[in-house]
Amino acid sequence: GEGKEKQVPTNVLLEAVYMSLRNFSFNYLKRENFTQFESMECLTITESDVKGVDYDTFSDMEALQELVLTQTRLKNSDLNFVNHPTFKNTLLTIAESPAITQLTFNATQTLHQLQSLSLRSNNIDTVAPKIFTELRKLQRLDLSHNRLRTLDWEALAEPGKLNQLYLEGNELQTIPHSVHGEFFAVKELKLADNPFHCNCKLRWMKEFFEEAIDKSLDYEAVSCASPTAAPM
């Protein structure tokens, strides 16, 4: 786009399975914008002044599996579209949207198929524990570069197939030993740029880094913010 277009281009083939829209001026995304794209499997919208998504916006896109919304002005309430009964995506990315501060939507049986969830670079400080119980097939979870000070770590262990977990760039000061098993289950784990308080309660994590040599870790970038700034 050229930054002014307010409608989805009309010359897109109805048989198209992938569409990437960049630099438009959509404002609100509505059902009528996408009702004709029944074959669309992957949709990316970025840098397009999106500040609202209706509950049923993607309800006619029966083949949609991957949805990416980045650099938006969406608010917490605008995420209700994931509650629509036809939302059966395997990949969902909502990133670089500073007005999103909480993840508390009441999804029921709409996230069961989700395998990848990326919520990086928002301002999220709260994630409702019940969301994790919905993510039964989740393999990749990216909550990096938000404002998380804690998580419901017990609920985080619910997605039993998690392989990649990204928590770097948050405000975590400690992580309980109870997630030791969950960390060993994943293949890739990122924890850098958190202000960890390295007291005896966090000693287990140093031991974990020493033992988990078969994983992709960012151990060298993880440091202690207190009691003194130093490598973990």
(message) For a protection proxy built on the mean count of beta-carbon atoms within 10 angstrom, sort 135-142, 151-158 highest first, please.
(response) 135-142, 151-158
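With every protein chain left in place, what is the accessible area per residue of the chain in square angstrom, probe 1.4 Å? Please list the in-between numbers first.
Working: 11370 Å² over 232 residues.
Accessible area per residue: 49 Å².
So if each residue of separation counts as 0.36 nm, and I subtract the Cα-Cα distance between Lys51 and His112, what length gain in nm does that give? The partial results should precede the final answer.
Details: separation 61, 0.36 × 61 = 21.96 nm, distance 2.65 nm.
Taking 0.36 nm per residue and subtracting the Cα distance, the gain is 19.3 nm.
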(message) Loop-only chymotrypsin sites (Phe, Trp or Tyr not before Pro) in the range 28-125, please: DSSP not H, G, I, E or B, and at most 15 other Cβ atoms within 10 Å.
(response) Tyr55
(message) Bin width 5 Å, origin at 0, all Cα-Cα pairs of the range 60-151: what percent of pairs per bin?
(response) 3, 14, 25, 29, 21, 6, 1, 0
(request) Largest first and to the nearest Å, give the Cα extent of the range 1-111 along each principal axis. (result) 37, 27, 20
(message) Can you tell me the length gained on complete extension of the stretch Lys161 to Glu210, counting 0.36 nm per residue apart and subtracting the Cα distance?
(response) 15.3 nm
(request) Compare the Cα positions of Gln65, Leu29, Ser116 along the charge dipole of the range 1-149 (+1 at Cβ of Lys, Arg; -1 at Cβ of Asp, Glu; about the Cα centre) and return the one farthest towards the positive end. (result) Ser116
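Work out the length of the dipole vector of the range 1-106 about its Cα centre, built from +1 on the beta-carbon of each Lys and Arg and -1 on the beta-carbon of each Asp and Glu, and round it to the nearest 20 debye.
380
Once a ≥ b ≥ c are taken as the square roots of the eigenvalues of the Cα gyration tensor of the range 86-139, is the result rounded (a/c under 1.5), prolate (a/b larger than b/c) or oblate (a/b not larger than b/c)?
Taking the square roots of the gyration eigenvalues as a ≥ b ≥ c, the range 86-139 is prolate.
Over all alpha-carbon pairs in the chain, figure out the percentage whose distance exceeds 22 Å. Kindly include the intermediate steps, with their values, before the conclusion.
On the way: 14532 of 26796 pairs.
Percentage above 22 Å: 54.
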(request) Please provide three numbers in whole Å: the alpha-carbon extents of the range 125-232 along the principal axes, with the largest listed first. (result) 39, 31, 22
(message) Please flag any cysteine in the chain that has no other cysteine's Cβ under 4.7 angstrom from its own Cβ.
(response) Cys42, Cys200
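The values are calculated or read from the model by the stated rules, or taken from the named source; none is laboratory data. None of these values were measured; they are calculated from a predicted model. When we count neighbours, we look across all protein chains shown, and the Cβ atoms used for this are built from the backbone with ideal geometry, even at glycine. Accessible surface areas use protein heavy atoms only, side chains included; no ligands, DNA or RNA. Shrake-Rupley method; radii C 1.70, N 1.55, O 1.52, S 1.80 Å.
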